[in-house]
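The values are calculated or read from the model by the stated rules, or taken from the named source; none is laboratory data. Owing to the predicted nature of the structure, the values given are computational and were not obtained by experimental measurement. Don't worry about glycine lacking a Cβ; one is built from the backbone with ideal geometry, like all the others, and counts go over all protein chains shown. We work out accessible area using only protein heavy atoms, side chains counted, and drop any ligands, DNA or RNA first. Shrake-Rupley method; radii C 1.70, N 1.55, O 1.52, S 1.80 Å.
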Amino acid sequence: INQKTPHLHSDETPWPVKGTKEWLWVLAGEKFCLFHAGDTRGRVELQTVLGSSYQGVLISDDFSAYNGYPVLAQQKCLAHLRRHFQRLWKLKGRYNQVIAETFLDLIDEAFQQHRKWREDLDEVAYRDWARKFLPRVEAQIQKWRKVAGYEAGKLLRSLREKADQWWYFLWDPTVPPDNNLAERCLRLAVTKRKVSGGSRSMARFRQTTHLLSVIQSCRLQG
């Protein structure tokens, strides 16, 4: 990993070490995967691996540790946002279902258009769609924000205040709109954790991160 890597996927998961909760971090790119044994779930772990800042696009979920880390740009995982609206649909509330359905349709459209761009690489058509898409999102936020309940209101505020992070892929379609790469890389580690129960020492934990980094990087390189 270096500052010339254009974008990185990041995620983290708990890892027990002799009964103490440590954190397994992952940073993944197109052809590599790096695991890191961390004491915390805080921003300091990003700084340990990447330095004081990163001059690329960081793709992650909406966990607070990522928000204040200096980067060129951020792309929040749109799949996580979709799950938030799916949960909203199940909550009681006068407008929750219609708000959820409205934004689920918009998110699904965004995924569909990005997938179409990956297939045909028609940048003119993609940018024409993206230019019209954001005003439609803003119009729906305006329509519902005054009548939204607490949970729906939180989602709408996040969409407005972090618009440049939820929708960065509209400006740069080479950046994926989801964090699936990091989640796929973590899957093997989560399976190992369930079988082994974690590690018996920090030294063993670090050795595990080295092995996982090699295995998953080899898989990404075929």
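Here are the numbers:
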quantity: Hey, G68 on the phi < 0 side of the Ramachandran plot, modelled with pLDDT under 95 and surrounded by fewer than 13 Cβ atoms within 10 Å (Cβ to Cβ) or not; calculated: yes
quantity: Filter pass, L170 being open to solvent by less than 50 Å² (accessible area, probe 1.4 Å) and within 20 Å of G29 (Cβ to Cβ); calculated: no
quantity: Single residue of K21, K31 found to be among the basic types (K, R) and not in a loop (DSSP other than H, G, I, E, B); calculated: K21
quantity: Which listed residue is open to solvent by 10 Å² or more (accessible area, probe 1.4 Å) and part of a strand (DSSP E or B), from H80, H36, H84; calculated: H36
quantity: Residue match in the stretch 123-138 (condition: open to solvent by less than 50 Å² (accessible area, probe 1.4 Å) and in a loop (DSSP other than H, G, I, E, B)); calculated: no
quantity: Any chance E151 is in contact (Cβ under 8 Å) with a residue 12 or more places away in the chain and either surrounded by fewer than 19 Cβ atoms within 10 Å (Cβ to Cβ) or out of contact with any strand residue (DSSP E or B) (no Cβ under 7 Å at 6 or more places or on another chain) (or both); calculated: yes
quantity: Among the candidates S213, S217, residue that is among the hydroxyl-bearing types (S, T, Y), under 30 Å from K116 (Cα atoms) and part of a helix (DSSP H, G or I); calculated: S217
quantity: Scan of the stretch 107-122 for residues that are open to solvent by 100 Å² or more (accessible area, probe 1.4 Å) and within 29 Å of Y95 (Cα to Cα), ordered by number; calculated: Q112
quantity: Members of the stretch 181-207 that are in a helix (DSSP H, G or I), open to solvent by less than 20 Å² (accessible area, probe 1.4 Å) and not aliphatic (A, V, I, L, M); calculated: C185, F205
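Rundown of residues vs (1) more than 18 Å from the chain's Cα centre (by Cα); (2) at pLDDT below 95, yes/no style:
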site	(1), (2)
T5	no, yes
S10	no, no
G19	yes, yes
F32	no, no
G38	yes, no
F63	no, yes
C77	no, no
F85	no, no
